[in-house]
Amino acid sequence: MGALRASSHATTAVLAHRLAREHLRSGAMAMPSSRHMATGGLRQGKLTPLRNIEKLMCCNRGEIAIRVFRAGHELGLRTVGVYADADRHSLHRYKCDESYMIDGENLTPVGSYLAYDKIVQIAKLHGVDAIHPGYGLLSENSTFARRCEEEGIRFVGPPSGILRLFGDKTEARKLAIAADVPVVPGSDGPVSSLQAAKDFVQGPGGIGFPIIIKAAHGGGGRGMRIVRRESEFAEAVEMAQTEAYKAFGDGTIFIERYVDRPRHIEIQIFADKSGEVVHLFERDCSVQRRHQKVVEIAPASGISLALREKLWADAVRLTKASGYMNAGTVEFLVDQSGRHYFIEVNPRVQVEHTVTEEITGVDIVQTQIKIADGYTLAELGIRQENLEPRGHAIQCRVTTENPRNNFAPDYGRIDAFRPGEGMGIRLDSAAGFAGAVITPHFDSLLIKATAHAESFHFAAEKLVRALAEFRVRGVHTNIPFLRKVLTHPVFLEQKMATDFIDVHPELFHFPPQKDRANKLMRYLAEVRVNGHPMPGPDPIKNPSRLKPVMPIFDAMTRPAPGWKQVLEKEGPSGFAKKVREFPYTLVGDTTWRDAHQSLLATRMRTIDMAMIAPATARASAGMYALENWGGATFDVSLRFLRECPWRRLETLRELVPNIPFQCLLRGANAVGYTSYPDNVVFEFCKEAVATGMDVFRVFDSLNYADNLLVGMEAVHKAGGVVQGEMCYTGDVMTSSKYNLDYYMRLAEKIVKQGETHVLGIKDMAGLLKPAGAELLIGALRKEYPNVPIHVHTHDTGGIGVSSMLAAAKAGADVVHGALDSMSGTTSQPSLGAIVSSLNQIEGRSDAPIDVGGVPILPLNVSKLTELSDYWDTMRGHYAPFEQGARSSSADVFVHEMPGGQYTNLMFQSQSLGLAKQWKDVKAAYAQANKVLGDIVKVTPSSKVVGDLAQFMVTNKLTGDDIVQRVEELNLPKSVVDFLQGQLGQPEGGFPEPLRTQVLMRANLEPIEGRPGAELTPYDFVSAHKNLEDKYRNLLLQHGIKLVHRDVISAALYPQVFDEYMRFREKYSDEIGYLPTEAFLAPMTIGEEYHFPIEEGKTLITKLISVSPELDNKGYRDVFFELNGVPRLVKVLDVKAGAQTGTGAVRTAAAERANPAVPGQVGASMPGTVVEVKVKPGVVVRKGEQLLMLSAMKMETIVSAPVNGTVKRVLVELGDLVQNEDLLVEIEE
């Protein structure tokens, strides 16, 4: 069927006027009697003072209410607002002269604005002359308009009869047909039932598919369904009726032929009491999503003048025929052939009226008020012949919707708001400010941004620029989506139809919005309220705020070449050969790895290393290697510092191009604490070499050759320098177990089976005395004259320098030290002392030495001292983690605790409440070592001994108690794993019957041989996909690409990697730019930090205040200035919240386990519940795992002590428990 038209214009006029009169008769506008002219507040020079209105109410909310109030103020009127309780803090309430809450029981927030009787009552009570309804809500409610008329209150809009006419789309359609305005073929009236709908569409003469179902009353896309095939029909009718009823209280629908891919063009009209109608040209509203307008343009582009004129004429004729008055919009669809069809009249001001105001200069809202006051268009000087569009205008509706989450509405407090402004930009808003609270009760419109320029493209450019300037934090917005729309070629070519958004999925590919500043503020606020999230810093020790003195050097000159260039030129084997041929003893620097692991609990951050890295590249150019990676630093970077260890390596490599980097590799354990599939170790080494690593110190924590050789093979295959290491323990001169023969046998495997490039000795506890060094190194040098030897030690016992000099004398090629300010005690011996002594002993001159064409410079002690001075200051920034020995201690030769573990174990002991029992912990460490069979102690085997020692002290147990009571004890998980064979096979085998008893209790089978040999290869491809799916939102939001090295990190530390990714999502990667003192300690009031987040962008942050009182949810308000702009961050006070019952952290009830009752299972260590495997009613067997506790990387499995049924589980996941707290009760 074609467009429907009446047979003649004469018939049209008669039918149209008859229909209009029928609707006006019952609801004609009752004009208030004339009164004196409004004069209150009028300014001089006003051309059209109002005659009948003095006090104007807007019964709407948000930006349209403010728009009306502004128009009223400009007209000299006193303005009145109303608000729902949920809107009591909304801005529109304060933009009027008076405001009153719409009160009533059982009124929803939206329902308050629909309660027209109460609104009329408020208006009468406070002398309101006129009510402007805005748009939406009551704006098209004919009953409300009639009530205003009955009460003598002017309704700023069409009369109630007109509202009723155009509110019924079937009647509006009849009027259009009568007025000879083309309509889409469709039902002549409401469709009452599904059968009637089927008859109309599919019966004889039916219009056929596709169709569109519409609600007969209301708009905004609600109750609207497109149906393209019969199978969808019944469900669509039912859904449309249901949605229409919920939205408008009337489920009546009508049906039209669906016009595919039309443009949506609307004409703005004005009509007055004299019957005069003018149009203010057209708007293009074709950019829609789910039938909701997104972007509006005036005038419409890409349509012919002939079509425009038809649209204008039809709009004027239709509204004139209806007896229309005031503002309205006549809406049309224009198909691909240029044919237009009337769809509806919106008898109110439109959201998009701004674009028409911009191109015509006509204030639509003021004109509405003046016409309601009784003015004619002629009196207002609005004549069709005088109207002419000027330029082009585009409006965007900025909403609080998340386009990355299917445009789900977002709610909450706006933390920061910075609008885009400037020439040609107009903003209309009611919530565009920091601190505004977006609630779920109302429409998600945040602000309307309108651009006006002389051309369409210029207007689009202005709007894109303005949107780019917006910064809205705290809630999501659709700004990324709007920017994509405005820059899309189809939009710029003005060829969009109503399906534009649907057929262009690329509009949903958004650039990341990192929200870095707000996330940094959130972190700083969290630290201020709750302290640092990293466990264990001493709260009494504050980090230093002193700034270090930086060495002076020419940054424009590249650093001198070094051993890195030798390695690049010669390859790993050639590099080793050149090291062996070098005439002097070389030294390596551990400051960036083992030194801070031993002194500062491995907490050194990348930013502090990167700051001194360029100076280090110049001062240490002749260094054998800088140890800066691997070992505990990999884990701690992710777990505590929340940094990517790969990015650290990459950053430092770029800054230090001339010195080889050295890392610690735990053989088959890679940089973890357990065994992994072999392919994980191989992939790790391959990626490490590709990222910048050179020399791998490969060891096994038990000196178990099978594990060690796996790591060495992986480094060989990756192309790195293999430095196979023997872990030194005991005393080579006196030990019956770890004697010279033992080390020579191990060295043979490393050199011959492992084909090591460099042979290393790893003295992790500082047990190698000078005489022992001469004996061991001398024997190795004699046996392997062509293999370079590297010696590493700790200075816990105070003999480090002398032992390194003895090793050099005996034939070592490389010895380790640390910069002076980071040396001594549990760290490495003084680098300055070693270099000075070697220079004197070996008589080295200041001249460079040619190594295969690379001039290697000697180390200059004064230059090393400048580096040391930097670290002397920076060490103070890590004062909260200074828990190590204050002096040398000879008792290390008794307990044999590794230097790196010494600090960490002291640190853990403090966290577990054992700080005052440190002497007991050291004694227990020696006992635990004997209980476990006198094993080699280096991570992760040293962790096993340390965990058992802390367990013993916490539970007041001796070594004999462990052996005698092992069947009833819940030993730390690391101990059970070791005894099972998870770390490999110790020298001399496992202690029996201890091993058998522990495994029987845990229902575990022993592992004989290399534990990783039987593990299934890790599926990196599937893991990559799973991780991308898991972190999709984070990756999209921050523009992060998940790369292979991330998958390796997840393979090594799945839980830690997950925590790291969640931290990134919450606080962003820019945490790494924070100064260390700000990262570790709370800011003080008035303190200000400047830190760059990228080149040319610096954030200036100042803490202003913290609220002394909690709110009713346990939060504190933390106020900052960010770049001079106030910012508010609300933070849950965890400790105070827990005390008041408002916090989110749960502490388990302190019910104690009774040791005399076998079924009462208590905590053997303080910690956090990380896994619960049982619930009440479950039958358990003795030894079956009930739950797991974790504290400072030490995990403890809690097992059933008896057979029985679980009666109670007193803890939940995440609970904090103390030693002997009752966890589970079992009935035997």
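The values are calculated or read from the model by the stated rules, or taken from the named source; none is laboratory data. Keep in mind that this is a model prediction, so the values were computed, not measured. Cβ coordinates were reconstructed from backbone atoms using ideal geometry, including for glycine residues, and neighbour counts include every protein chain displayed. Ligands, DNA and RNA are excluded from the accessible area calculation, which covers all protein heavy atoms including side chains. Shrake-Rupley method; radii C 1.70, N 1.55, O 1.52, S 1.80 Å.
Here are LEU905, LEU948, LEU914, LEU957: which of them is more than 41 Å from the chain's Cα centre (by Cα), closer than 28 Å to ALA1002 by Cα and not assigned by the TED database to the domain that holds VAL1198?
On the way: LEU905 fails: more than 41 Å from the chain's Cα centre (by Cα); LEU948 fails: more than 41 Å from the chain's Cα centre (by Cα); LEU914 fails: more than 41 Å from the chain's Cα centre (by Cα).
Going through LEU905, LEU948, LEU914, LEU957 in turn, the sole match is LEU957.
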(message) Just to verify a result, which residue in the stretch 396-421, among those that are modelled with pLDDT under 90 and of a type in the set (Asp, Glu), is surrounded by the fewest Cβ atoms within 10 Å (Cβ to Cβ)?
(response) ASP410
(request) Could you name every one of the helices (runs of 4 or more DSSP H) located completely within the stretch 132-215 that has at least 1 residues being closer than 26 Å to ASP272 by Cα and touching a strand residue (DSSP E or B) at 6+ places or on another chain (Cβ under 8 Å)? (result) 142-150, 160-167, 169-178
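For the stretch 976-1078, list the helices (runs of 4 or more DSSP H) that sit wholly inside it and hold at least 2 residues that are touching a His at 6+ places or on another chain (Cβ under 9 Å) and crowded, with 19+ Cβ neighbours inside 10 Å; which are they? Give the derivation first.
Details: elements: 994-1001, 1020-1030, 1032-1038, 1044-1052, 1054-1067.
Hits in the stretch 976-1078: 1044-1052.
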(request) For GLY832, indicate whether it is out of contact with any Cys (no Cβ under 6 Å at 6 or more places or on another chain) and either among the charged types (D, E, K, R) or in a helix (DSSP H, G or I) (or both). (result) yes
(request) Tell me which residues, restricted to the stretch 757-812, are in contact with a Phe, Trp or Tyr (Cβ under 9 Å, 6 or more places away or on another chain), more than 14 Å from ALA747 (Cβ to Cβ) and surrounded by fewer than 24 Cβ atoms within 10 Å (Cβ to Cβ). (result) LYS769, GLY772, GLY797
(message) Taking the conditions exactly as written (touching a strand residue (DSSP E or B) at 6+ places or on another chain (Cβ under 9 Å), open to solvent by less than 40 Å² (accessible area, probe 1.4 Å) and in a strand (DSSP E or B)), does MET1188 satisfy them or not?
(response) yes
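Here is a list: GLN336, GLN350, GLN368. Which entry is buried (at least 18 other Cβ atoms within 10 Å of the Cβ), in a loop (DSSP other than H, G, I, E, B) and among the polar types (S, T, N, Q)? Let's see the steps before the verdict.
Values: GLN336 fails: buried (at least 18 other Cβ atoms within 10 Å of the Cβ); GLN368 fails: in a loop (DSSP other than H, G, I, E, B).
Within the list GLN336, GLN350, GLN368, the selection yields GLN350.
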(message) Condition (residue is open to solvent by less than 10 Å² (accessible area, probe 1.4 Å) and touching a residue at least 40 places away in the same chain (Cβ under 8 Å)) applied to the stretch 951-964: is it met by at least one residue?
(response) yes
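From the list ALA431, ALA453, ALA393, exactly one residue is modelled with pLDDT of 95 or more, of a type in the set (A, V, I, L, M) and open to solvent by 10 Å² or more (accessible area, probe 1.4 Å). Which is it? Walk me through it before giving the result.
Working: ALA431 fails: modelled with pLDDT of 95 or more; ALA393 fails: open to solvent by 10 Å² or more (accessible area, probe 1.4 Å).
Selected residue: ALA453, the only one of ALA431, ALA453, ALA393 that is modelled with pLDDT of 95 or more, of a type in the set (A, V, I, L, M) and open to solvent by 10 Å² or more (accessible area, probe 1.4 Å).
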(request) Report whether or not SER888 is open to solvent by 50 Å² or more (accessible area, probe 1.4 Å), without any contact (Cβ under 8 Å) to a residue 24 or more places away in the chain, outside the structural domain of LEU983 (by the TED database) and not aliphatic (A, V, I, L, M). (result) no
(message) So, in the stretch 699-712, how many residues would count as being surrounded by 24 or more Cβ atoms within 10 Å (Cβ to Cβ) and under 15 Å from ASP678 (Cα atoms)?
(response) 6
(request) Name, by its number, the condition in (1) open to solvent by 10 Å² or more (accessible area, probe 1.4 Å); (2) at pLDDT 90 or above; (3) part of a loop (DSSP other than H, G, I, E, B) that does not hold for ARG522. (result) (3)
(request) For the stretch 694-738, name all the residues that are out of contact with any strand residue (DSSP E or B) (no Cβ under 8 Å at 6 or more places or on another chain), among the aromatic types (Phe, Trp, Tyr) and within 16 Å of LYS752 (Cα to Cα). (result) TYR704
(request) Kindly indicate which of VAL953, VAL938 is in contact with a Cys (Cβ under 6 Å, 6 or more places away or on another chain) and either within 24 Å of ALA1163 (Cα to Cα) or outside any helix (DSSP H, G or I) (or both). (result) VAL938
(message) Six or more apart or on different chains, Cβ atoms under 6 Å: show the pairs whose first residue is in the stretch 555-583 and open to solvent by less than 70 Å² (accessible area, probe 1.4 Å) and whose second is of a type in the set (S, T, N, Q).
(response) PRO559/ASN658; PRO561/ASN658; GLY562/ASN658; LYS564/ASN658
(request) Out of the residues in the stretch 857-884 that are out of contact with any helix residue (DSSP H, G or I) (no Cβ under 7 Å at 6 or more places or on another chain) and of a type in the set (A, V, I, L, M), state the one that is nearest to TRP563 (Cα to Cα). (result) LEU857
(message) It is to be established whether one or more residues within the stretch 903-912 are in a helix (DSSP H, G or I) and at pLDDT 90 or above.
(response) no
(request) Return yes or no: is ARG173 over 49 Å from the mean Cα position of the chain (by Cα) and surrounded by 23 or more Cβ atoms within 10 Å (Cβ to Cβ)? (result) yes
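If you check ALA617, ALA610, ALA621, ALA625, which single one turns out to be in the same structural domain as LEU664 (by the TED database) and open to solvent by 10 Å² or more (accessible area, probe 1.4 Å)? If you could, list the steps in order and put the result at the bottom.
On the way: ALA617 fails: open to solvent by 10 Å² or more (accessible area, probe 1.4 Å); ALA621 fails: open to solvent by 10 Å² or more (accessible area, probe 1.4 Å); ALA625 fails: open to solvent by 10 Å² or more (accessible area, probe 1.4 Å).
Sole residue among the options that is in the same structural domain as LEU664 (by the TED database) and open to solvent by 10 Å² or more (accessible area, probe 1.4 Å): ALA610.
Quick test for you: out of VAL1198, VAL1170, pick the one residue that is part of a strand (DSSP E or B), open to solvent by less than 10 Å² (accessible area, probe 1.4 Å) and not assigned by the TED database to the domain that holds GLU968. If you could, list the steps in order and put the result at the bottom.
Working: VAL1170 fails: open to solvent by less than 10 Å² (accessible area, probe 1.4 Å).
When all the criteria are applied, what remains is VAL1198.
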(request) Pairs only if they're at least six apart or on different chains, beta carbon under 7 angstrom, first in the stretch 1016-1034 and of a type in the set (Phe, Trp, Tyr), second surrounded by 14 or more Cβ atoms within 10 Å (Cβ to Cβ) and not in a helix (DSSP H, G or I); list them, first residue then second. (result) TYR1018/PRO677; TYR1031/LEU1042
(message) Which condition from (1) at pLDDT 85 or above; (2) open to solvent by 60 Å² or more (accessible area, probe 1.4 Å); (3) within 16 Å of VAL1217 (Cβ to Cβ) is the one that LYS1182 breaks?
(response) (3)
(message) Let me spell it out: the conditions are (1) free of Cβ contacts under 8 Å to residues at least 12 places away in the same chain; (2) in contact with a Gly (Cβ under 9 Å, 6 or more places away or on another chain), and PHE1079 meets all of them except one. Which number is the exception?
(response) (1)
(message) Going residue by residue through the stretch 1129-1149, is there one that turns out to be exposed (fewer than 14 other Cβ atoms within 10 Å of the Cβ), modelled with pLDDT of 90 or more and outside the structural domain of LEU948 (by the TED database)?
(response) no
(request) Name every residue in the stretch 221-231 that is surrounded by fewer than 16 Cβ atoms within 10 Å (Cβ to Cβ) and either assigned to a loop (DSSP other than H, G, I, E, B) or at pLDDT 85 or above (or both), in order of residue number. (result) ILE226, ARG228, ARG229
